[in-house]
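Read the structure below first, then the notes.
The values are calculated or read from the model by the stated rules, or taken from the named source; none is laboratory data. Just so you know, these numbers come straight off a predicted model, no measurement behind them. Here the Cβ is made from the backbone with ideal geometry for all residues, glycine too, and neighbour counts use every protein chain on show. When the accessible area is computed, the model is the full protein with side chains, heavy atoms only, and any ligands, DNA or RNA have been set aside. Shrake-Rupley method; radii C 1.70, N 1.55, O 1.52, S 1.80 Å.
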Amino acid sequence: MTTMLRESDALSSRQDAPWLTLVGLGEDGATGLCREALVALEQAEIVFGGERHIALVGSVPGELRPWPQPFRNALPQILRERGRKVCVLATSDPFHYGIGNSLSRAIPSAEMRIIPQLSSFSMACTRMRWPQEDCALVSLHGRTLYRIVPHLQPEARILALSWDETTPRAVAELLTARGMGASRIVVMESLGGPQERIRETRADAFALDDIVPLNLIAVEVAATHDSRVLPLAPGLDEEWFAHDGQITKSEIRAITLSALAPRAGELLWDVGAGSGSIAVEWCQRHLRNRAVAFEARADRAERIARNTLELGGLAIEVQGAAPAGFAGCEAPDAVFIGGGLMEDGLFEAAWTALKPGGRLVANVVTIEGEARLAALHAAHGGSLRRISIDRLAPVGGKHGWRPAMPVTQWRVEKP
């Protein structure tokens, strides 16, 4: 660093002070750091950080250690230095899509001091004059572009952290393809630093070039009635999914989701997944929800993966046929059996794996399936209901109601 404090800081010199200091670093480098952060860097025996972070702080008295490759090796290296004075450099607010969460899970809070800076999201809100509580905050860094899809709602304001210099154009193309080409896009590069640059365009007229990799995108969504806006209610129309007809119909799916009663952070097993529609809608209920879809056919497994991506980049893992595919999978909070109930041992394996207090829902359309559900209901309790849906259809030159096959549904909670 060009200027570094040489005096001691009373807080840092106490014998009971934390051995690790996590310092948030802005694009202005050492000049933007507070006195406490400068003292921590001055006194550190070892300073960990990315090459960009190290370049921003310049020289320090301690040993500079760039992050190892692969990055997962970084935490063990940090922990090996426990007891020495260690400083870890992070981007702005380390607990907003940063390394702070990983460190706090491995290091007791009494052993770590955190000195954050304004996050890039906070700075972007200031530049845009947008209240942060009204914005969707999304990170596309290391994540699929489709993570932004659920947030593409009329008049939504979105702040998205880019993966690299190609992300702004990719977002613009995605918006245009979904009928939202009139949306406003603001590309903010090197926020908070001397090279800060802010440029604005329409999604369907995107022509910005020479974008630096470190950038954040602000999107103000402009949608019309023809735009492909993902509905917020469960029971998406079948046309949203890639499928071969093996799909839980939208009305039945909405009722099934209600029976499964998803809660934030829970894991679902979707057994006999077909298109994966139940798993998809389970995960859409909350960003922390996860699912495992069990599907024997490779072509259907490929469609599940496609639906998982295009409907929000959801946390859905695809496994092979059940019950063999259950082996090694994390115990679920809920199980949906949409196919395979008649297979020997399938229900028993799913019931054994289900967490205590978990919910199991099974749908059948055959007489044999109903007999199986009746026997399971007699053994385990729960509730049974039959769901019948009629849809209007042409009858010659007129119209009439065409009934779909009725679905019998069993719901039960594990004691």
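Determine the distance separating the Cα centre of the range 115-178 from the Cα centre of the range 203-223; give it in Å without decimals.
Here the two parts' Cα centres lie 10 Å apart.
Hey, in the GNM for the chain with a 10 angstrom Cα cutoff, which one of Ala218, Ala362, Ala375 fluctuates hardest?
Ala375
In terms of the Cα gyration tensor, with a ≥ b ≥ c the square roots of its eigenvalues, is the range 70-162 rounded because a/c is under 1.5, prolate because a/b exceeds b/c, or oblate?
Details: a/c = 3.24, a/b = 1.98, b/c = 1.63.
It is prolate, given that a/c is not under 1.5 and a/b is the larger ratio.
Find out how many positive minus negative residues lie around Pro356, taking Lys and Arg as positive, Asp and Glu as negative, among other residues whose Cβ is under 10 Å from that of Pro356. Could the numbers behind the result be given before it?
Details: positive: Lys355, Lys414; negative: Glu413.
Net charge around Pro356: +1.
Let me check I've understood the local charge: for Ala172, count other residues with C-beta under 9 angstrom from its C-beta, Lys and Arg +1, Asp and Glu -1. What total comes out?
Values: positive: Arg169, Arg202; negative: Glu173, Asp204.
Surrounding charge for Ala172 is 0.
Using the Karplus curve 6.51 cos²θ - 1.76 cosθ + 1.60 with θ = phi - 60°, what ³J(HN,Hα) values do you get for each residue of the range 206-223, in whole Hz, with x for Gly and Pro?
5, 9, 6, 10, 6, 7, 7, x, 7, 8, 10, 10, 9, 10, 10, 6, 10, 10
Mind checking which lysines have their Cα closer than 21 Å to the Cα of Lys355? Skip sequence neighbours fewer than 8 apart in that chain.
Lys355 reaches Lys414.
Taking a 1.4 Å probe, which of Trp351, Trp410, Trp163 shows the most accessible area, and what order do the others take after it? The partial results should precede the final answer.
Working: Trp351 35, Trp410 0, Trp163 135 Å².
Greatest to least solvent exposure: Trp163, Trp351, Trp410.
Hey, could you pull the Cα Rg and Dmax for the range 199-279, both in Å?
Spelled out, the Cα radius of gyration and Dmax of the range 199-279 are 18.7, 51 Å.
Determine the shape class of the chain: with a ≥ b ≥ c the square roots of the Cα gyration tensor eigenvalues, call it rounded for a/c under 1.5, and otherwise prolate if a/b is greater than b/c, oblate otherwise.
On the way: a/c = 3.19, a/b = 1.71, b/c = 1.87.
It is oblate, given that a/c is not under 1.5 and a/b is not larger than b/c.
Just want to confirm a number: the relative contact order over the range 169-296, from Cα pairs under 8 angstrom separated by 6+ residues, in percent. Let's see the in-between values first.
Values: 205 pairs, mean separation 23.6, N = 128.
Relative contact order here is 18 percent.
Mind giving me the nanometre distance, one decimal, between the label points for Ala207 and Ala296, set 7 Å out from Cα along Cα→Cβ?
Result for the modelled spin labels: 5.7 nm.
Provide the per residue accessible area, probe 1.4 Å, for the range 294-415, rounded to a whole number of square angstrom.
Working: 6420 Å² over 122 residues.
So the range 294-415 comes to 53 Å² accessible per residue, rounded to a whole number.
Explain nothing, just compute: Karplus ³J(HN,Hα) = 6.51 cos²θ - 1.76 cosθ + 1.60, θ = phi - 60°, for every residue of the range 160-165 in order, whole Hz, x for Gly and Pro.
Result, rounded to whole Hz: 10, 7, 6, 6, 6, 5.
Given Cα pairs under 8 Å that are at least 6 residues apart, what percent is the relative contact order of the chain? Spell out each step's value before the answer.
On the way: 807 pairs, mean separation 41.0, N = 415.
Rounded, it is 10 percent for the chain.
Quickly estimate the mean residue ellipticity at 222 nm for the chain, helices only: each DSSP H run with n ≥ 4 gives -39500 (n - 2.57), and the total goes over all residues, rounded to 500.
Details: 12 runs with 107 residues, N = 415.
The helix contribution divided over the chain gives -7000 deg cm²/dmol.
Determine which lysines satisfy two conditions relative to Lys398: a Cα distance under 30 Å, and not lying fewer than 8 residues away in the same chain.
Cα-Cα hits under 30 Å: Lys249.
Given the peptides 267-276, 377-386, arrange them by the average over their residues of other C-beta atoms within 10 Å, most packed first.
267-276, 377-386
Once you have the Cα-Cα distance between Arg80 and Ala393, take 0.36 nm times their residue separation minus that, and quote the gain in nm to one decimal.
On the way: separation 313, 0.36 × 313 = 112.68 nm, distance 6.96 nm.
Taking Arg80 through Ala393 to full extension adds about 105.7 nm, to one decimal.
Under a 10 Å cutoff between Cα atoms, tell me which one of Ala279, Ala321, Ala203 has the largest fluctuation in the Gaussian network model of the chain.
Among Ala279, Ala321, Ala203, the largest mean-square fluctuation in the Gaussian network model of the chain belongs to Ala321.
Expressed as a whole number of Å, what is the distance separating the alpha-carbon centroids of the range 276-341 and the range 38-93?
40 Å
Select from Cys125, Cys283, Cys34 the residue whose mean-square fluctuation is largest in a Gaussian network model of the chain (Cα-Cα springs shorter than 10 Å).
Cys34
If I model a spin label as a point 7 Å beyond the Cα along the Cα-Cβ vector, how far apart are those points for Ala315 and Ala110 in nm?
Once both label points are built, they end up 3.1 nm from each other.
Under a Cβ-Cβ cut-off of 15 Å, what is the net charge of the residues other than Leu118 that fall near it, where Lys and Arg count +1 and Asp and Glu count -1? Present the calculation step by step, with values, prior to reporting the outcome.
Working: positive: Arg127; negative: Glu27, Asp28, Asp93, Glu196.
Charge balance in the 15 Å sphere: -3.
Please state the relative contact order of the range 324-415 as a whole percent: Cα pairs under 8 Å, 6+ residues apart? Show your work: numbers first, answer last.
Numbers: 136 pairs, mean separation 28.5, N = 92.
31 percent.
Scan around Ser119 for amide H atoms under 5 Å from its own, H built in the peptide plane at 1.01 Å from N, and keep only partners 5 or more places away or cross-chain.
It is Asp93, by chain and number.
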